[in-house]
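Heads up: the structure comes next, in structure tokens.
The values are calculated or read from the model by the stated rules, or taken from the named source; none is laboratory data. Quantities reported herein were computed from a predicted structural model and do not represent experimental measurements. Quick reminder, even Gly has a Cβ in these numbers, built from the backbone with ideal geometry, and neighbours come from all protein chains shown.
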Amino acid sequence: MIGYGFMGAAHSVGWRQAPRVFDLPDDVEMAVVVGRNADAVADAAARWGWAEAATDWREVIARDDIDIVDIVTPGDSHAEIAIAALGEGKHVLCEKPLANTVDEAEAMAEAAERAVADGIRSMVGFTYRRVPAVTLMHDLIARGLIGEVRQVRAAYRQDWLVDPDVPLAWRLQKEHAGSGALGDIGAHIIDMTQFVTGLDVTAISGTVDTIVKQRPILAERAGLGGTASHEYGEVTVDDVAVFTGRLANGALTSFEATRFATGRKNSLTIEVSGERGALAFDLERLNELRHYDRTAPAELQGFTDILVTEPEHPYVSAWWPAGHMLGYEHGFSHQVVDFVTAIVQGTDPDPSFAEGLRVQRVLAAVEDSAANDSAWVRVDDAVPARA
Ligand code: SOE
């Protein structure tokens with residue numbers, strides 16, 4: 001695993017839990033965690049159960065005893081590491097978004113396509129697909145439960161930037177993060193919409209906004225030692241992205257990705273309205289899926305709550321009996337299960353780098369539209385956002 005921040009912690013839990021809870025078709029060894037700071041990465045190895053800590057990812061991905069490379073670094077290094085690892089014949093799991101630009105994502109998707117010829121698998125870490133209720137939502141829509149998809153509304157709301165004194169971090173700088181709320185959490189709702197409906201976003205009209213444009217630079221970052229820094233730096237990414245999409249069947253979708261939804265900590269919601277019914281998911285109630293059946297008798301009309309904890313539901317039977325709940329971290333175990341199973345069985349896991357590239361094009365289309373008075377942009381024509 002390359003990186004060891006929040007996603008490094010979540011992935012470590014997945015790598016550790018999956019082989020113990022599920023019957024994987026092969027063993028998983030948490031061999032090496034890699035990071036630039038030797039002391040910090042040694043601590044991470046001890047804390048999260050990695051056998052070794054290292055500081056040179058190029059050396060580690062070349063080792064014969066390494067089969068899988070899991071990339072959980074900021075987006076500005078995804079392309080370089082993934083393409084090098086695929087070149088070394090390693091299977092690659094790369095955190096979302098796939099890259100910071102369409103160009104990078106295209107190069108990664110091409111490298112992944114070439115590697116498949118040698119049986120090398122790759123996958124993008126859109127883990128919310130693997131929350132059982134979201135997987136169930138996909139399966140029910142695919143089975144036609146709600147009929148033709150007519151509209152989708154999806155939102156991902158956080159509020160960790162409402163405080164103007166939150167310092168300038170890598171997520172707020174375009175050269176490291178590629179974009180702000182758009183690529184970080186907007187990517188999730190774009191992927192989820194395409195996943196659960198089975199329909200690609202084909203056109204976009206949208207806009208973005210940066211609400212707090214300057215933020216304090218952390219003292220040690222500014223080399224000022226222990227004194228409080230009074231240096232400020234420019235926020236070069238979006239805080240809020242609001243955009244409308246067209247799906248391949250013409251359905252209109254509304255998207256909101258924001259870090260300024262005061263009081264919303266990690267609120268991801270999606271509702272799909274169909275011709276015969278509707279399905280709705282709320283991450284704050286992640287063990288439930290809400291279903292409305294328009295064809296039900298009048299006295300039974302209304303949204304019902306499906307408790308997604310039955311053994312028949314996706315992934316759940318490996319964990320606990322019905323009615324015992326799962327959490328945010330379980331999707332990371334499900335991701336490991338599906339990735340390792342695909343590798344051993346010789347199939348292509350989803351989401352592929354090609355699907356990750358599709359999301360990247362939608363992100364670029366939002367930035368293109370925002371730069372052109374929210375004019376409609378066809379996703380296939382989206383050019384990498386102008387710097
Ligand atoms: C920060 O917004 C973040 O950690 C995202 O990067 C993750 O993808 C999301 O799952 C939780 O919030």
Notebook entry, point to check: Of the residues in region 128-168, how many are over 20 Å from ARG294 (Cβ atoms) and without any contact (Cβ under 8 Å) to a residue 24 or more places away in the chain?
Noted result: 1
Check: Exactly one of (1) within 15 Å of the chain's Cα centre (by Cα); (2) within 16 Å of the ligand (Cβ to nearest atom); (3) not in a helix (DSSP H, G or I) is unmet by ASP350. Its number?
Finding: (2)
Notebook entry, point to check: Within region 59-73, how many residues turn out to be without any contact (Cβ under 8 Å) to a residue 24 or more places away in the chain and surrounded by 22 or more Cβ atoms within 10 Å (Cβ to Cβ)?
Noted result: 0
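Do any strands (runs of 3 or more DSSP E) entirely within region 251-319 hold 2 or more residues that are modelled with pLDDT of 95 or more, among the β-branched types (Val, Ile, Thr) and within 30 Å of GLU367 (Cβ to Cβ), and if so, which? So that I can check it myself, show each step before the final result.
On the way: elements: 252-258, 267-274, 277-282, 288-293, 304-307.
Result: 252-258, 267-274.
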Check: helices (runs of 4 or more DSSP H) wholly in region 1-108 with at least 3 residues that are charged (D, E, K, R) - which ones?
Finding: 38-48
Next item on the list: Identify all residues within region 109-123 that are under 14 Å from GLU88 (Cα atoms) and not in a helix (DSSP H, G or I); write none if there are none.
Entry: ALA117, ASP118, GLY119, ILE120, ARG121, SER122
